[in-house]
Structures are given as structure tokens and as C-alpha cells.
Amino acid sequence: MFSDFKKDFCLTTPGYLLNHSVGRPLKSTEQVFKEAFFAPWQDSGREPWGQWLSVIDDFTFALSKLFNGQQKDFCPQVNLSSALAKILMSLARLNREHAVVLMSEIDFPSMGFAIKKALPASCEVRFIPKSLDITDANVWDSHMGSDIDLVFVSHAYSNTGQQAPIANILAMARQYGCLSVVDVAQSAGIIPLNLAQLQPDFLIGSSVKWLCSGPGAAYLWVNPSIIDSCQPKDVGWFSHENPFEFNIHDFRYHSSALRFWGGTPSIAPYAIAAHSIHYFADIGTEQLRKCNQLLIDAVAEELDQEFVSPREAEKRSGTLVLQFGEQQEQIMAALAKANIRVDARDFGIRISPHIYNNKADIQLLLSVIKANR
């Protein structure tokens, strides 16, 4: 189960467990980046766009492998907020008076900011209270209805270590005629997701966390059944059906998700991300998830009330959360002194083991905790 994946990554501490924040880079990334981005620019007297744009093709192909989707349905984005705003502004249904969006109060704040500012002032953002259990499909059902125009759901919540029941939520959305957006920022690469089966209307995600790709390589996916109703407002020449036509009087949307692309694209972040995503897609998210859950189980077996994230595997994200009350600061200081990298939010200490972590890392974590309680 635990092959020596450590050798593939740049690791400087014995216990890096901050993968809900930033994943560690592959050792091979620097050389691949030079070959994909710098070499076409440095080593040729020609402009490098032909080779650079092949990087984008490789990025969307890697995503299609990871999520079991069609390559043409993915579009590069700068970040999730921008991707979400583009989606919202493209849909006539959401740009009418009094449209209603449903989301959870524990969603990442940036998503709420984008929704409120991208839609008309009369639109209502309806929140599932943070006091309710978002892992319970019945909670979502009690807030759904035919008056909801769009449901926004995070696949995983890093602050609480919870996983939303997205299959159930998407089925409800279809039943009530709601549009759906799934945020996979905290699940991509650690919780399996099959787009061919789930069929949301939209998916947005990033590569900086479990995909170990650094910032700037976000993406959106559009269900082909809805693409013709999407009329993005934030466009540029790469949103055009033929970017190299150069007729300022004739704009035609690209037939695929690339209509959401915009102006002159960035290349460098996607060169890094394509390489890393291929690496994880070839391992398989099921394998990544299995290793992650075994390490979380090792902590759950040793701690009782302190383990405040879900114990049921189907309700877990890739992150576990520990709460030590008055001892919290003391334990955080001891972990930092031992070069074990974790962080804390309102619910507790966040710990996220990846494929390059092993049982020895978890045993070290537990030994420091036990010595400082």
C-alpha cells in the first residue's frame, strides 16, 4: 500500500501535513517546467505560441483522465472565484430579478463573495446554517425546492473535514430543476469523482492543494448539455470560435467550454500542473484516497473526543480535525518545534496526509501529541 512515494517529492520536514493548503512539488517538476515553458522561448528564434498552447492541451487532457470527462469540456481559469463569476454572469436564468442561489454557510468565503457580486442585487443567496450537518442528504433536501435556481456545493470542506453527499445533491437538483456547480478545490486528487456518472452542470477546481501544482492553474468544466445556453461576458480572443481570425466586427463563441477562456492566456502554471495531474491520475484517485484514509484511521484509533471531524469514511474529506481545547496552543507549538506542519482553524487542528506521507509520519505526530497533553 505505502510504496516509497516520498522519493518523488520535494520534502524538507519529516511530517508535512498541510496538503489542504499547498501540496509539495514533484522533484521532476522543475525540469519539466523548463522544457515545456522556457525551452520554446529561449532556444528558438520563433515566437513560441504553438508549443505553449500544446501545454494547455496537455493540461485539459490530464484533467479528463483525473475526472473521467471529455477534454473539450474543460477550460483553464486563473482561480475559482473568477471561474465562478464567469459562470454566473453567463446564464440568463441567474441574471433576472430575484434569482435564488443555495449554498452552505461553511463554504469558502471567496465563493460567497463572487456569487453576491456577480449577480443582480435583487438575487438571494440562501445559506444552509453552519450548525447543520452538511454530510446529511436530508439537510440539503430540506433546503431545496423548485424556487432554487442554482445550488452551489463544495465536494469537501477543509475546515471541518467533511464530505458533501454530492451524488444525492445533484440528483435533487435535477429533480427540482436547479442548476448545479460543484467546487472540487479540496477534493480533486484525494476523493474520486466521475463526471461521466455525476453529470453536474458545472465543476470548478484548482491544482494547488492535493494536486501539488502551485497556484494559478484553476479550471472549469461545463456539461455539454448546457454549453449552448452559456453566454460569457468576460471574453477575449481565446473565447472566439477561431482566435486567429482577427476580425474585430465578428465575435462568435467557441463551441466548447473554451468560450470561458478569455484573453491572452497564462502558460507557466499549466505547464507545472499538467505534469503533476498526470502523475496523480496515473496512480488513480482511488489509491490516493485509500492511503489517505488509512492514515486518518491510524489517528482515529488513538484519539477519542479530540477527533472532531467525521469518523465515517463516506462523510470524510481528506482532512482530519483535532480539538484539544485549552491544550490547543501548547500542542500546536510542540508540533511546530518537531517540524510537523499542520495549521488550525475554528474547529481545530487540520491534518491532511498525502501519498508521500506514511505511518511513520503519523506515529511521529501522535507521539508529539501524547507527550504534550
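Projecting the Cα atoms of GLN197, SER225, ALA298 onto the dipole axis of the range 193-298, where Lys and Arg carry +1 and Asp and Glu carry -1 at the beta carbon, places ALA298 farthest toward the positive end. Using just its DSSP H runs of length 4 or more, each adding -39500 (n - 2.57), the chain gives a mean residue ellipticity at 222 nm of -10500 deg cm²/dmol after division by all residues. Couplings 3J(HN,Hα) for the range 111-117, derived from phi with the Karplus relation 6.51 cos²θ - 1.76 cosθ + 1.60 (θ = phi - 60°), are 5, x, 4, 4, 4, 5, 8 Hz, where x marks Gly and Pro. Ranked by the mean number of other Cβ atoms within 10 Å of their residues, highest first, the peptides 159-165, 132-138 come out as 159-165, 132-138. Each Lys or Arg adds one and each Asp or Glu subtracts one; over the other residues with Cβ under 12 Å from the Cβ of ILE227, this totals -1. Here the Karplus curve 6.51 cos²θ - 1.76 cosθ + 1.60, taken at θ = phi - 60°, turns the phi angles of the range 233-239 into couplings of 9, 8, 10, x, 5, 7, 8 Hz, with x standing for Gly and Pro.
Of the cross-linked pairs LYS290/LYS370; LYS6/LYS290; LYS72/LYS290; LYS209/LYS233, which ones have a Cα-Cα span greater than 23 Å in the structure shown?
In this structure, LYS290/LYS370; LYS72/LYS290; LYS209/LYS233 exceed 23 Å between Cα atoms.
Our summary gives the chain a relative contact order of 24 percent, counting only alpha carbon pairs under 8 angstrom and 6 or more residues apart.
Give the calculated FRET efficiency between ALA167 and SER146 to the nearest 0.05, with a Förster radius of 30 Å applied to their Cβ-Cβ distance. So, using R0 = 30 Å, E works out to roughly 0.90. What residues from the range 154-187 fall in the zone where the backbone N is under 13 Å from a label point 7 Å along the Cα-to-C-beta line of SER229? Flagged as within label range: 174-181. For ALA344, the amide hydrogen comes within under 5 Å of the amide hydrogens of ARG350, counting only partners 5 or more places away or on other chains and with H modelled in the peptide plane.
Taking the charge dipole of the chain about its Cα centre, with +1 at Lys and Arg Cβ atoms and -1 at Asp and Glu Cβ atoms, the residue from TRP210, SER256, VAL151 reaching farthest to the positive side is TRP210.
So how strong a dipole does the range 271-314 carry about its Cα centre when Lys and Arg Cβ are +1 and Asp and Glu Cβ are -1, to the nearest 20 debye?
300
In this simple spin-label model, placing a label point 7 Å from the Cα along the Cα-to-Cβ direction at both PHE246 and GLU105 gives a separation of 5.6 nm.
Surface composition of the range 211-349: carbon plus sulfur atoms contribute 51% of the solvent-accessible area (1.4 Å probe, protein chains only, all chains present). Segment ARG174..ASN68, full-extension length gain: 36.1 nm, with 0.36 nm per residue of separation and the alpha-carbon distance subtracted.
Within the chain, the longest segment free of exposed loop sites, counting GluC sites (Glu not before Pro) that fall outside DSSP classes H, G, I, E and B and have at most 10 other Cβ atoms within 10 Å, spans 98-311. For the chain, the Cβ-based charge dipole about the Cα centre amounts to some 460 debye (Lys, Arg positive; Asp, Glu negative; other atoms uncharged). Take the alpha carbon atoms of the range 228-299, find their center, do the same for the range 14-72, and report the distance between the two centers in whole angstrom. The range 228-299 and the range 14-72 have Cα centres spaced 12 Å from each other.
The values are calculated or read from the model by the stated rules, or taken from the named source; none is laboratory data. Not measured: the values here are computed from a predicted model. Reconstructed Cβ throughout: ideal geometry from the backbone, glycine too, with neighbour counts over all protein chains shown. Keep in mind that these areas ignore ligands, DNA and RNA; they rest on the heavy atoms of the full protein, side chains included. Shrake-Rupley method; radii C 1.70, N 1.55, O 1.52, S 1.80 Å.
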